[in-house]
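The values are calculated or read from the model by the stated rules, or taken from the named source; none is laboratory data. None of these values were measured; they are calculated from a predicted model. With ideal geometry, Cβ positions are generated from the backbone for all residues, glycine too; neighbour counts draw on all protein chains shown.
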Amino acid sequence: MKNPIKYIPILIFLIFLQGGKFVIDPTRNANMHNEKGVKFQEDGYYTAAAMEFKLAIGLNPDSAATATFYNNLGLSYMHLHRYDWAATSFQRATSLNPNFIEYYTNLIKAYRAQNIISKEIDKHIKIIKKNKSNSRSWLMLGLMYVELKYNYDAILCLNEFKKLEPELILTQGVDD
């Protein structure tokens, strides 16, 4: 060894290389992207927010927390007047975590914005005629009637939902 000093940086580099591990945590990164998306939404940058929510979904695609990401994505799409995409996002949110009334009400607002709420009411009436114990259809009908201010029908449907699902957390969020 002619000049041992020039080997010291290489030795230090090798020590650091073997030291700590670099770990990628998709769940934490998904939450970070969701938070960025929320900030973009608050600032009115809905396209940027949608991109952040899509990244969050891609990193953590099938958890209850992902339902929040889909709901937030749907809210961005509502601001961008992409009501069909918003409805798809809200539907995904309700399927991943059906315990939040907000996801259902957002879905119904997307239906109304698309002018398809009557079609959706007819669809859920047909489902109930085939299966009177389909609690999700009773809930959707009740909430759609609330949106249309058909209060009597809304109360009937929501009461039926409460009878079918008295133990659900979601039931506590349903008011008469």
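Some observations on this one:
- You will find that of E52, E42, the residue that is buried (at least 20 other Cβ atoms within 10 Å of the Cβ) and acidic (D, E) is E52 and no other.
- Screening L156 against (1) more than 18 Å from F100 (Cα to Cα); (2) outside any helix (DSSP H, G or I) leaves a single unmet condition, (2).
- Hits in the range 99-111 (condition: free of Cβ contacts under 8 Å to residues at least 60 places away in the same chain and either in the same structural domain as A154 (by TED's automatic domain parsing) or among the polar types (S, T, N, Q) (or both)): T105, N106
- Residue among I116, I108, I169, I127 that alone is at pLDDT 95 or above and over 26 Å from Y46 (Cβ atoms): I127
- Among the residues of this structure, K132 counts as one that is assigned to a loop (DSSP other than H, G, I, E, B) and over 21 Å from F100 (Cα atoms).
- Listed by first and then second residue, the pairs linking a residue in the range 48-73 that is under 15 Å from Q91 (Cα atoms) to a residue that is of a type in the set (F, W, Y) and part of a helix (DSSP H, G or I), with Cβ atoms under 6 Å apart and 6 or more places separating them unless they lie on different chains, are I57/F69; F69/F53; N71/Y103; N72/F53; L73/F53.
- Residues satisfying the stated conditions in the range 70-95, i.e. within 16 Å of A30 (Cα to Cα), among the hydrophobic types (A, V, I, L, M, F, W, C) and out of contact with any Leu (no Cβ under 9 Å at 6 or more places or on another chain): L73
- Selection from the range 94-135 of residues that are small (G, A, S) and touching an Asp or Glu at 6+ places or on another chain (Cβ under 9 Å): A110, S135
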